[in-house]
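Heads up, the thing below is written out as structure tokens.
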Amino acid sequence: MSELLGLEDAQARLLALAPRLPPEAIATEAAQGRYLAEDILAARTQPAADLSAMDGYALAPGAGPWAMVGESRAGVPFAGALAANQCVRISTGAVVPAGADRVLLQEDAAVAEGQVTTADAPPPGRHIRSRGFDFGAGDVLLTRGTPMTPGRIALALAAGHRRVTTARRVRVAVMDSGDELAPDPAHCAPHQVPASNAAMIAAMLAPLGCEVARIGPVPDDHAALAAALAQAESADILITSGGASVGDHDLIKPALAAWGADIAFWKVAIKPGKPLLVATRPNAGGSQVILGLPGNPVSSFVTAFLFALPLVRAAMGAAAPLPRSETVITGEALPAIGRRREFLRAVREGGAVRCAGSQDSSALSALALADCLIDRPAHAPALPVGAAVTVFPLQNG
């Protein structure tokens with residue numbers, strides 16, 4: 001039997017196969033969750049003029065008192081220039097008029113008969129947001145591969161960009177298969193289990209903004225699998241769940257071969273999730289990637305987190321598609337690990353992490369509680385309470 005691939009090796013091989021999607025220009029307001037296909041350079045300077053950071057009085061140089069000669073409001077600047085010992089009433093965000101070099105807070109000012117005095121005159125430059133302090137025209141603000149967030153959408157708009165360029169949305173087909181799967185969870189015979197993997201994987205993909213089509217559940221039958229695969233003809237990525245192991249009724253591999261797919265690699269040295277399958281197939285868009293996940297729900301979830309989500313992010317142009325890890329301490333003793341790297345479903349409480357419950361690959365109750373995965377290397381020794389461990393927070397992946 002060939003040696004199992006390590007996690008990072010398998011991830012690297014998979015991401016190298018990610019579909020290369022054409023770019024498209026979209027409205028900046030609609031870019032949430034999309035990844036930039038090109039850098040964003042500022043088309044304007046922000047702020048475009050010196051602005052007041054506070055409500056008060058814009059003062060010209062001088063020892064005071066200052067004669068108040070007008071007002072500068074946000075969006076309605078004072079039209080003239082100030083001479084020595086003159087000032088204008090000014091509001092937060094308003095343009096500081098020519099001739100003024102500081103802003104006096106309104107609570108520090110005394111106003112009588114058009115004259116402003118103070119016992120605490122501010123130094124030059126105080127309470128002024130200088131022109132260009134945020135960014136200047138031509139500055140690189142966001143780089144290719146950056147995910148668009150609400151703050152980055154605001155930045156792109158402030159920089160003068162009504163539209164941004166991102167990769168086209170990834171088209172993903174998700175299919176679960178197995179004779180034991182009942183399509184209706186309310187009508188499930190004793191020899192069946194409700195089909196949940198495809199719905200789970202589609203929900204994991206939803207925050208990425210890709211287009212997801214669900215297929216199945218499909219029975220363990222060559223003709224049924226061929227018909228189901230035909231429905232995924234136009235998908236950029238096909239994710240299957242179940243049927244990728246070595247049993248007599250695990251038919252995904254022969255079905256994919258009959259469909260024209262070539263196996264890139266199979267089996268990864270992780271637990272749960274060993275029988276992971278990756279294949280490619282030519283299609284109208286260039287090359288379709290097929291990711292075959294195990295059928296056990298927890299195995300399907302863990303491999304979707306470690307492989308399917310990064311693959312979709314990479315296809316969407318993400319510069320950093322892999323999930324991020326953190327180091328925390330364990331709140332309970334952890335057992336030694338065998339030959340395969342293990343990912344334990346866990347919860348963080350009070351700065352420590354503990355297992356969420358049963359680590360069996362069919363235990364959905366523990367998976368539902370989990371907010372992270374503890375990453376335990378192969379052959380790792382037993383750990384006492386308080387030992388440092390690496391975790392993958394599930395909300396960031």
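Tabulated results
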quantity: Check on ALA74, surrounded by fewer than 16 Cβ atoms within 10 Å (Cβ to Cβ), closer than 25 Å to LEU155 by Cα and touching a strand residue (DSSP E or B) at 6+ places or on another chain (Cβ under 6 Å); calculated: no
quantity: The range 147-196, residues that are out of contact with any Phe, Trp or Tyr (no Cβ under 9 Å at 6 or more places or on another chain), assigned to a loop (DSSP other than H, G, I, E, B) and under 20 Å from ALA37 (Cα atoms); calculated: THR149, GLY160, HIS161, ARG162, ARG168, ARG169, VAL170
quantity: Which numbered condition GLN106 fails, given (1) surrounded by 13 or more Cβ atoms within 10 Å (Cβ to Cβ); (2) out of contact with any Gly (no Cβ under 6 Å at 6 or more places or on another chain); calculated: (2)
quantity: Any hit, the range 309-326, residues being touching a residue at least 12 places away in the same chain (Cβ under 8 Å), charged (D, E, K, R) and more than 25 Å from ASP176 (Cβ to Cβ); calculated: yes
quantity: Qualifying residue in the range 18-29 (condition: free of Cβ contacts under 8 Å to residues at least 60 places away in the same chain and out of contact with any Lys or Arg (no Cβ under 9 Å at 6 or more places or on another chain)); calculated: no
quantity: Residue match in the range 156-174 (condition: modelled with pLDDT under 95, over 30 Å from ALA315 (Cα atoms) and touching a strand residue (DSSP E or B) at 6+ places or on another chain (Cβ under 7 Å)); calculated: no
quantity: From ASP120, ASP101, ASP139, ASP108, residue being out of contact with any Ser or Thr (no Cβ under 8 Å at 6 or more places or on another chain), more than 30 Å from ALA315 (Cβ to Cβ) and either modelled with pLDDT of 95 or more or basic (Lys, Arg) (or both); calculated: ASP101
quantity: Within the range 103-153, tally of residues that are among the small types (Gly, Ala, Ser), without any contact (Cβ under 8 Å) to a residue 24 or more places away in the chain and on the phi > 0 side of the Ramachandran plot; calculated: 0
quantity: Residues located in the range 356-383, provided they are within 25 Å of the chain's Cα centre (by Cα) and in contact (Cβ under 8 Å) with a residue 12 or more places away in the chain; calculated: ALA356, LEU364, ALA366, LEU367, LEU369, ALA370, ASP371, CYS372, LEU373, ILE374, ASP375, ARG376
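So that you can scan it fast, the table gives a plain yes or no per residue for (1) over 21 Å from LEU367 (Cβ atoms); (2) under 29 Å from the mean Cα position of the chain (by Cα); (3) surrounded by fewer than 21 Cβ atoms within 10 Å (Cβ to Cβ); (4) of a type in the set (S, T, N, Q):
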position: ALA202; (1), (2), (3), (4): no, yes, yes, no
position: LEU225; (1), (2), (3), (4): yes, no, no, no
position: GLU233; (1), (2), (3), (4): yes, yes, yes, no
position: SER241; (1), (2), (3), (4): no, yes, no, yes
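The values are calculated or read from the model by the stated rules, or taken from the named source; none is laboratory data. On a predicted model such as this, the values are computed, not experimentally measured, just so you know. Every residue, glycine among them, receives a Cβ derived from its backbone with ideal geometry; neighbour counts consider all protein chains shown.
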